[in-house]
1. Compute the separation of the alpha-carbon centres of the range 122-171 and the range 68-100 and state it in Å as a whole number.
2. Please find, in a Gaussian network model of the chain (springs between Cα atoms separated by less than 10 Å), the residue of E114, E76, E157 whose mean-square fluctuation is greatest.
3. Keeping all protein chains in place, calculate the accessible area per residue for the range 88-142 (probe 1.4 angstrom), answer in Å².
4. With a 1.4 Å probe and every protein chain left in place, work out the accessible area per residue of the range 1-79 in Å², rounded to a whole number.
5. What are the ³J(HN,Hα) couplings of the range 81-96, residue after residue, when phi is run through the Karplus curve with 6.51, -1.76, 1.60 and θ = phi - 60°? Round to Hz, x for glycine and proline.
6. What is the range 45-129 by shape, rounded, prolate or oblate, if you read a ≥ b ≥ c off the alpha carbon gyration tensor as root eigenvalues and call it rounded for a/c under 1.5, prolate for a/b larger than b/c, and oblate otherwise?
7. Eigenvalues of the Cα gyration tensor times 5, then square-rooted: what semi-axes does that give for the range 24-76, in whole angstrom, largest first?
8. Test of understanding: in a Gaussian network model of the chain with alpha carbons linked when under 10 Å, which of D96, D127, D61 would top the mean-square fluctuation ranking?
Amino acid sequence: MNIQLKQAGSEQLDTIMDVYIRCKKDLYEKGLLQWNDQYPSRDYFKEEMNDGNLYVLMVNDKVAGSVTLNDWQSPEWSEIPWKLANEWVIHALFLDPLQQGNGLGKVFIEKCEELAREKGFESIRLDAYSRNTGANSLYEKMGYEYRGSVYFTSKPEGHQEYHCYEKALTL
């Protein structure tokens, strides 16, 4: 199996949206209301792509997932007692439900970590919807340390808590 993390190109935007919509529908069916029509959206993906921050996980030359990697941090994160510096941030990571359950999520995160190291970052930060037990469990198994919770008031009532994690990247 050929697996690569590559910068997304404009020709992939429709495919990224198709995979994202499948993922969002799958999460919704599981009662996980972590995404809405505002975030992430086609405009969000297009903007991040134009800024060079949108990446795709390619499995055998097909888009299996997408992630935004940059240094932007949500204002809500300012209250978190972070311990590490020189960080890169993972946003809006998703993997096609048709590709889940075979260890590809772990490989996806490892590819993000490899790229962060290549770019000289010493740590990674991210947040995960508190009720998404699969995502939280994966991050913790991969050595991400829980630093606290934030609440996004833009999310529906009862779906606002997100867990913040960080991990040191040994160079």
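The values are calculated or read from the model by the stated rules, or taken from the named source; none is laboratory data. The model shown is predicted, which means the values in this text are computed figures rather than measured ones. As a convention, Cβ positions derive from the backbone with ideal geometry for all residues, glycine included, and neighbour counts pool all protein chains shown. Each accessible area value is taken on the protein alone, full model and side chains, heavy atoms only, with ligands, DNA and RNA left out. Shrake-Rupley method; radii C 1.70, N 1.55, O 1.52, S 1.80 Å.
1. Rounded to whole Å, the Cα centres lie 8 Å apart.
2. E157
3. On the way: 2420 Å² over 55 residues.
Per-residue value: 44 Å².
4. Working: 4510 Å² over 79 residues.
Normalised by residue count, the accessible surface of the range 1-79 is 57 Å².
5. Here the 3J(HN,Hα) series is x, 4, 10, 10, 10, 6, 9, 10, 10, 9, 10, 6, 7, 8, 10, 3 Hz.
6. Working: a/c = 1.70, a/b = 1.60, b/c = 1.06.
Verdict is prolate for the range 45-129.
7. Details: eigenvalues 80, 67, 21 Å².
Semi-axes from the Cα gyration tensor: 20, 18, 10 Å.
8. With Cα springs under 10 Å in the chain, the top fluctuation among D96, D127, D61 is at D61.
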